[in-house]
Amino acid sequence: MSNDLLLEWVSERGDGSWAQFRRAHEWLFEGSQNPNYVTPGFTAGLLSMLGHIEVDWVAERWAACPPVLTLLPSAGAHALLTGGRTRALMADFNRELSEDMNFYPLEPHKQRFAPSAVLVPCESSADVQALAQRLGIAFEHSVSSRLAELLAPLDRYLNLSLSAAPARGYGFRVFDATRSRGETM
Amino acid sequence: MSTLPATLSYEEWTQRLADRFFRAEFAMNHVMFFVDGDCLADISGLDETQAVESLANAVAGKLHRQKPRQLLLHVVRATDQWKRAGAVGPPPALPTLALAVLAATRMRRTTDVAGNNYYEWLLALLRDAGVPADKDDLIESYRLGIKPLWDALQWWLDEHHEGQLGLSTITGHSLWRYVGLADSQTLFSSSDTDKLTMFFAWIGLKPGESVDEHELVQLFRLWAARQHDIKLNLGTLTQLEEDEHPAQLASILAASAARWEGVVRDEEGRKQATLVVTLDARPPWKLGLAAPRVPGFPPQLEIALPGRKLSLHTEDSGYLDDEIQWYEGLDLEFSGRFLEQGLQLSSDDYVLRLPPFHYQVLHKSRELGLWASEQQLRPSEPAWLLVRDRVLDEVSGFLGEYAREGWTEVKTEGIAPPGWHLIRDVIVDHPPVAVDGVLSRLCPRTSNRAALSGGLPLPAGTGVYLERGEPDLVLPPWDPDAPPVTFSVDERELPVDRGAAGVRLADLDLPPGSHEVRFQGAKRTFSTLWSRGSVRPRVERPVGQVFELINDLGVPRTPGAHVDAEVKDGELLLEGALLTGTQGAQAPMPLILPVVPEGHVLLGARPGEISSVNSPTKPGWMVRAGLEFRVFEHDPKFPVVWQIRRSSLSGDRAVLVNYLDPVPVEAPEGVRIASWRLALEGCTTPANETAAELWTRYLEIAAGLADA
């Protein structure tokens, strides 16, 4: 599948410019039946949300994330392999799963606009942690919990973001996108 | 001797030939010593017949007739003396060489270009001048004497003047060792040599780039067939029509390509750049012109116009290496006349030209921020077309057949000049091969050469790609009426689809390794890797989000991820799902519990540490994903020692989770204490010896609570 090949490429390549990502995306999906909104930006945003890459939109650079085995919350003790997925890693990963009796290998779950999800059902966090160690990658059992504890509560951000009421009496203009100009109301 | 007097002396011919062919304005350009009747007439001011006879007579007067097999001896000695005396003035061999080239030119006009036939033509010229030469004597004389004369000319141009009067194109044909020297000069007239720069620009040749001779010839053949407004001379055309590989043409093209510095010249030898038509598609829409600063052009340029001057200038900084620089100061009111008739802005040494086309193809220009005209439509990229009335139906028909749906004519008045139409949102993915003539520029193409394009490149050297991400082979324009063509990959011949503009090599299941692709003389190589061999991505410039820790709370240092982020002590870096740094809260590890109907009871080491956990329902996303739901995670509020699995059938069973000694409490009271005790007392002892021993101690604590 093209999204899987795209993930393999960003993982093997490591990092690059936005132009390089865009060209690779255009080459991979040329002639595909994807809807118009499946642009390079759309795919990059998805890959970022899924933890496979990080994108610096200002500098127009992207980089594959370190591979991580993580336990998803409320996921029936399924570990997810996220971050970069090089072919060397996947070969080691599949070999470990086939040899380790603690794991039941699952077929990667195909997704329409994203790379296949690689899930590993487990019965013990310690088993997943040991697997990550053998593979030489990180284990994180709940990055969302860690981030939730790390970040300030929302009300503290809101307290910092109070804005003044808008000035009145000057009227307002509405931007007409079809004509690319503002219209005074 | 002929009764006709020589109207120009040998020395006059020498000077006039030098003045015509070898001049400072040709510095560092290849010059062809192309001599035919027209050229001689032009040089001498005589009619063609008189000019040819005058030259032949002049040369005849210098031949050593006392030695029929060394006819060129005088000329050779004179040339040698000229060189030893410091090579003042042009080589005295010029008229003799001109006559030799004239014979080759006349030979080229016939269908028989065999080497022996050349001497017939040379003999004819000499006999007309009254030289009763025998053919065998002439051949012997020629072989003895002609090469030193060509060598002297080559030395004079390339070494003595270091190319400042032009560079030689004298090559010897491997089959016609002596005749080939004269023959090499018949391929181009001096005007054709300038056209070579247009050819090199057409194939996208980069200065210093090495191109195979076979490929150059094929491309030249293709280019020459498409240049309706460029007339190559008969010699060149003859060479191109030969079935075999024209070796002379190949070596001349290769030599010229090796010396090309990226400068395109017009027929007058001036450096040339192409103006572009621009469209600002924001209201109020506006057509305009832009002038690129191409190689060889100065940062400032003065253009004389009637009544005023245009001062064009560029900034020398702020451009990336592969960006085009654009002149500022092109203050010209756009007119439809520019489209119809073309436009030429020139100074002494430079010319900016807008060719008149029946339509202009405009693509987005990143540097200009506008739609800007290009030579060729690019595949799968949106374009606007500015189309002349007379070809509108033809263009519309082409778009109807090959463009994606959605193109439309802009009806708003006042944008396109009268007699022209603006069409927007034109996208053509796959070009038809069998389109020539007016519509050929609408066949999308990124290059006029066979090239490798796209694919999934890796930073592991040049031309290295990920296996299954092999680049496409983009084909140059080729004759749709030609016999079926093939290309080869690693010496395996494969047919080319007639309708294809390229070949998707990634569909060929090539194994990892080095590969060679060939198409009509062009050879391209690339390599693929299955993997770079690393479990972790090899990242040169990581991108991540940095959090500063302020009062133990993380505050993002920048809004969003940042490249080359440096993490200081006390900060955290988030890359995808990985949070690293010197500090950072660690969430406790969850327990994984089996899904059972009756649920679980969890007990801690301290009396009162008890919680009941019911198995959750299977999440909806797991249902959709078809995943099994046999276990679930639970985050306990206290360190769990015992997990009791409830079962009305087999009774409650305890499983040791963490080996922790029981912690007695001093004043045990409350419901939770009682529940803790009852949960322990209601279970059977675990079978495992270690667990059983610990269980016993917990029961003792529980018994003590009952007594309290």
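The values are calculated or read from the model by the stated rules, or taken from the named source; none is laboratory data. As the structure is a computational prediction, the values presented were derived from the model and not from experiment. Cβ atoms come from the backbone with ideal geometry, glycine included; neighbour counts cover every protein chain shown. Surface areas here come from the heavy atoms of the whole protein model, side chains and all, with no ligands, DNA or RNA. Shrake-Rupley method; radii C 1.70, N 1.55, O 1.52, S 1.80 Å.
Around the amide H of B:Trp260, modelled in the peptide plane, lie the amide H atoms of B:Gly208, all under 5 Å away and 5 or more residues distant in sequence or on another chain. Our coupling estimate for the range B:290-299, obtained by passing each phi through the Karplus curve with A = 6.51, B = -1.76, C = 1.60 and θ = phi - 60°, is 9, 10, x, 9, 8, x, x, 9, x, x Hz, Gly and Pro reported as x.
For B:Lys411, go through the lysines and keep the ones whose alpha-carbon is under 30 Å away, minus same-chain ones fewer than eight residues off. Straight-line reach from B:Lys411, under 30 Å: B:Lys286, B:Lys364. Between B and A, roughly 5600 Å² of accessible area is buried in total, ligands, DNA and RNA not counted and the probe set to 1.4 Å. The HN-Hα couplings worked out from phi for the range A:138-143 by the Karplus form 6.51 cos²θ - 1.76 cosθ + 1.60 (θ = phi - 60°) are 7, 10, 9, 8, 6, 5 Hz, whole numbers, x standing for Gly and Pro. Relative contact order for the range A:60-185: 23 percent, from Cα pairs under 8 Å spaced at least 6 residues apart, divided by residue count.
Selection among B:Leu439, B:Gly626, B:Thr580 by position relative to the dipole of chain B gives B:Leu439 as farthest towards the positive end (Cβ unit charges, Cα centre).
Scalar couplings 3J(HN,Hα) for the range B:651-659, obtained by applying the Karplus form with A = 6.51, B = -1.76, C = 1.60 to θ = phi - 60°, are x, 6, 10, 9, 10, 6, 9, 9, 7 Hz; x denotes Gly and Pro.
Dipole size of the protein assembly as shown about its Cα centre, with +1 on Lys/Arg Cβ and -1 on Asp/Glu Cβ: approximately 700 debye, rounded to the nearest 20.
Heavy atoms of the protein chains alone define the surface here; on that basis the protein assembly as shown has 49 Å² accessible area per residue at 1.4 Å probe size. The amide H of B:Val410, built 1.01 Å from its N in the peptide plane, has B:Leu422, B:Ile423, B:Arg424 as neighbours under 5 Å, considering only residues 5 or more places off or on other chains. Beyond 21 Å, the tail of the calculated P(r) for the range B:264-369 holds 37 percent of the Cα pairs.
Packing order of peptides A:26-38, A:72-84, highest average first: A:72-84, A:26-38 (average count of other Cβ atoms within 10 Å over each peptide's residues). Plainly put, the protein assembly as shown has a radius of gyration that is 1.17 times its Kirkwood radius, both from alpha-carbon atoms, as the Rg/Rh ratio. Per-residue packing, averaged as other Cβ atoms within 10 Å, sorts the ranges A:147-153, B:214-220 into the order B:214-220, A:147-153, beginning with the highest. Put a dot 7 Å past the Cα of B:Asp569, heading toward its Cβ, do the same for B:Arg653, and the two dots end up 5.3 nm apart.
Taking a straight Cα-Cα cut-off under 20 Å and skipping sequence neighbours fewer than 8 places away in the same chain, the lysines within cross-link reach of B:Lys206 are B:Lys195, B:Lys271, B:Lys523. Rounded to the nearest 500, the 222 nm mean residue ellipticity of the protein assembly as shown from helices alone is -9500 deg cm²/dmol, with -39,500 (n - 2.57) taken per DSSP H run of at least 4 residues. Sorting the segments B:376-383, B:458-465 by their mean number of nearby beta carbons within 10 angstrom, highest to lowest, gives B:376-383, B:458-465. Our estimate of slack between B:Glu381 and B:Lys523, defined as 0.36 nm per intervening residue step minus the Cα-Cα distance, is 48.4 nm.
Direction-averaged projected area, Cα convex hull, the range B:45-108: 5.4 nm², rounded to one decimal. Counting Cβ atoms of other protein chains within 10 Å of each residue's Cβ and taking the mean over peptide A:141-149 gives 6.
The H on the amide N of B:Gln376, modeled in the peptide plane, is under 5 Å from the matching H of no residue at least 5 residues off or on a different chain.
Gain on full extension, evaluated as 0.36 nm per residue between B:Gln66 and B:Ser514 minus their Cα-Cα distance, stands at 154.8 nm. When +1 charges are put on Lys and Arg Cβ atoms and -1 charges on Asp and Glu Cβ atoms, the dipole computed for chain B relative to its Cα centre reaches about 340 debye.
Compute the Cα gyration tensor for the range B:352-452, then decide on rounded, prolate or oblate, letting a ≥ b ≥ c be the square roots of its eigenvalues: rounded whenever a/c is under 1.5, prolate when a/b is larger than b/c in the other cases, and oblate in all that remain. Rounded shape, in that the Cα axes give a/c under 1.5. Residue by residue along B:326-334, Cβ atoms of other protein chains within 10 Å of the local Cβ number 0 on average. Could you tell me whether chain A comes out rounded, prolate or oblate from its Cα gyration tensor? Rule is a ≥ b ≥ c as square roots of the eigenvalues, rounded for a/c under 1.5, then prolate if a/b exceeds b/c, otherwise oblate. Cα axes put chain A in the oblate bin.
Give me the Kirkwood hydrodynamic radius of the range A:11-115, using the inverse of the mean 1/r over all pairs of distinct Cα atoms, in Å to one decimal. Here the Kirkwood hydrodynamic radius works out to 15.4 Å.
Just the protein heavy atoms count here, and of the accessible area of the protein assembly as shown at 1.4 Å, carbon and sulfur take up 50 percent.
When only Cα pairs below 8 angstrom with a gap of at least 6 residues are kept, chain B shows a relative contact order of 6 percent.
Shape annotation for chain B: C-alpha extents along the principal axes are 151, 63, 51 Å, from largest to smallest.
Once you reduce the range B:384-460 and the range B:522-575 to the center of their Cα atoms, the two points are 41 Å from each other.
Shielding of peptide B:557-565 by partners, expressed as the average count of other chain Cβ atoms within 10 Å per residue Cβ, is 5. When only the Cβ of Lys, Arg, Asp and Glu is charged (+1, +1, -1, -1), the dipole of chain A relative to its Cα centre reaches about 840 debye. Across the range B:539-667, the mean sequence separation of Cα contacts (distance under 8 Å, 6 or more residues apart), normalised by length, yields a relative contact order of 19 percent.
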